[in-house]
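J.: The structure's right below; bear with me while I get my questions together.
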Ligand code: GLC
């Protein structure tokens, strides 16, 4: 079956290069990106914009290594160990024979995300090492053929997510350290890969075949690309993949790393822009002013690695994570927070504990995050602000107070309207609010309801 598929791909590549006199790359003219009105785009992006908080999962055979090779700790992020320790493909493949995730419990993973207040999950379907967590007919380098586990890992998680009301999404790496069309540079480093030019078309078709398999088997709502930086991969390739996917599934959302948008300072194409993709992907940072005019999502690790590393204990505190969710929302973005399960399939306890604390905060204060927009205030020295326009025209501000004022007076400068009502989100108790010298002054209770962030709902009479 698979050798047939491989033969088919080789045949296709040979046929393409015959057609083009060897210039295999030009064989396919890029398909059109489906046109959509701004309203259609808003409808497509709606669930994602409202969700605001998601779980990133980096899982693969590198999780078995856990940051160690031949008994020695390897520097760098866990999922890069093949590159960092310069492991030959045949040796690296032995990790797969130890990938037997007996503790994998997709229902539990979905529950952990849901209880944290996350609304979607993005899991690695294939990372830079090329290993697939789903059943792929076009390679044996997948969980079904190469591991003792022998079963697709993504479909059960997709099913559980849907059962528990979470959106299921997949990450996919363009750079592939295992595929024979790509090879290492003279320095023996896998990154960035080079490509055999005559095999590039074959590899693009390989990606398309796998992406179709993914859509058909677990139907992700976002395709989250990465590894787009090798020079052989171009913006035109990105457009081809983007168009291909949107034709297969028109409502699909695709990040900017499908093309060269990251190099283009996160600029995205909306017909009139230069780069393809639906949202920007700042990594390990929350841009000071968000990314004005485009949708975006900050992805971040909870310690210092994406893939599991047994000796990385540099965990962010729950308070930092809560404030990061708030900070991102206050700038109009989503926060995609990573966990790196072990090779056995367990999300580290340190992550689970922190997520539970974040979840308790979200349970009380979630209305100040989901479906909100960026802050309209010029400055918020006491914390952060999110906003929401209500049906009756009221402008609702959510004031996230990090520094609870000892004086009991909170001064909000530059609010675009007059106060109508204010209350603590935690218990609904009213907070007196009055205009004073161009600002709004709130009379707060003595004690902060939450030491990480206390939220006040402030309704304003304000013109749209
Ligand atoms: C980087 C890394 C990769 C990680 C990704 C997450 O591109 O190469 O390992 O998956 O960031 O955004």
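What follows is calculated from the coordinates using simple rules that are stated; it is not laboratory data. Bear in mind the structure is a predicted one, so any value in this text is a computation, not a measurement. In this analysis, Cβ positions are derived from the backbone assuming ideal geometry, glycine residues included, and neighbour counts consider all displayed protein chains.
J.: Measure nothing but the geometry: give the 0 to 90° angle between the long axis through the Cα atoms of 200-218 and the longest principal axis through the Cα atoms of the chain, rounded to 10°.
T.: 60
J.: Please report the base-10 log of the normalised intensity I(q)/I(0) for the stretch 383-461, using a Debye sum with one equal scatterer per alpha carbon and no solvent, at each q in 0.15, 0.19, 0.25 (1/Å).
T.: -0.46, -0.75, -1.31
J.: Which of 178, 58 comes first, and how do the rest follow, when ranked by fewest Cβ neighbours within 10 Å? Mind showing how you got there, number by number?
T.: On the way: 178 18, 58 23.
Listed from fewest to most nearby Cβ atoms, that is 178, 58.
J.: Sticking with this structure for a sec: Relative contact order for the chain: what percent, with Cα pairs under 8 Å and sequence separation of 6 or more? If you can, show how the numbers build up before the last one.
T.: On the way: 974 pairs, mean separation 72.4, N = 464.
Across the chain, relative contact order equals 16 percent.
J.: With the radius of gyration and the Kirkwood radius both derived from the Cα set of the chain, what is their ratio Rg to Rh?
T.: Working: Rg = 24.0 Å, Rh = 23.6 Å.
Answer for the chain: 1.01.
J.: How high is the relative contact order of the stretch 167-244, in percent, with contacts defined as C-alpha pairs under 8 Å that are six or more residues apart? Working shown, then result.
T.: Values: 81 pairs, mean separation 33.9, N = 78.
That works out to 43 percent.
J.: Give me the distance between the Cα centres of the stretch 174-230 and the stretch 100-149, rounded to whole Å.
T.: Computed from Cα coordinates, the inter-centre distance equals 18 Å.
J.: Sticking with this structure for a sec: What's the angle, to the nearest 10 degrees (0 to 90), between helix 318-330's Cα axis and the longest principal axis of the chain?
T.: 90
J.: What is the stretch 231-363 by shape, rounded, prolate or oblate, if you read a ≥ b ≥ c off the alpha carbon gyration tensor as root eigenvalues and call it rounded for a/c under 1.5, prolate for a/b larger than b/c, and oblate otherwise?
T.: On the way: a/c = 2.25, a/b = 1.67, b/c = 1.35.
Because a/c hits 1.5 or more and a/b exceeds b/c, the stretch 231-363 counts as prolate.
J.: Further question on the same structure: Looking at the stretch 98-154, I'd like the Rg to Rh ratio, where Rg is from alpha-carbon atoms and Rh is Kirkwood's inverse mean 1/r. List each step's numbers first, then the result.
T.: Numbers: Rg = 12.9 Å, Rh = 12.5 Å.
With Rh from the inverse mean 1/r over Cα pairs, Rg/Rh is 1.03.
J.: Continuing with this model, one more query. Could you put 223, 252, 321 in order, starting from the residue whose Cβ has the fewest other Cβ atoms within 10 Å?
T.: Ordered by Cβ neighbours within 10 Å, fewest first: 252, 321, 223.
J.: Restricting to the chain, what percent of DSSP beta bridges are antiparallel, rounded to 5?
T.: On the way: 35 of 64 bridges.
Rounded to the nearest five, the antiparallel share is 55 percent.
J.: Can you tell me how the stretch 128-284 classifies by the Cα gyration tensor, rounded, prolate or oblate, using a/c under 1.5 as the rounded cut? Don't skip to the end; give the middle numbers.
T.: Numbers: a/c = 1.77, a/b = 1.08, b/c = 1.65.
Here the stretch 128-284 falls in the oblate category.
J.: Would the stretch 278-437 count as rounded, prolate or oblate if I go by the C-alpha gyration tensor, calling it rounded below 1.5 in a/c and otherwise prolate when a/b exceeds b/c, oblate otherwise? It would help to have the intermediate numbers written out before the result.
T.: Numbers: a/c = 2.38, a/b = 1.81, b/c = 1.31.
Note, shape of the stretch 278-437 comes out prolate.
J.: Follow-up question, since we're still on this one. Would you mind calculating the relative contact order of the stretch 383-461 from Cα pairs under 8 angstrom and at least 6 residues apart, reporting the percent as a whole number?
T.: Details: 161 pairs, mean separation 30.9, N = 79.
Averaging sequence separation for qualifying contacts and normalising by length gives 39 percent for the stretch 383-461.
J.: At a 10 Å Cβ-Cβ cut-off, how would you order 301, 386, 320, fewest neighbours first? Don't skip to the answer; put the middle values down first.
T.: Values: 301 22, 386 27, 320 14.
Taking fewest neighbouring Cβ atoms as first place, the list is 320, 301, 386.
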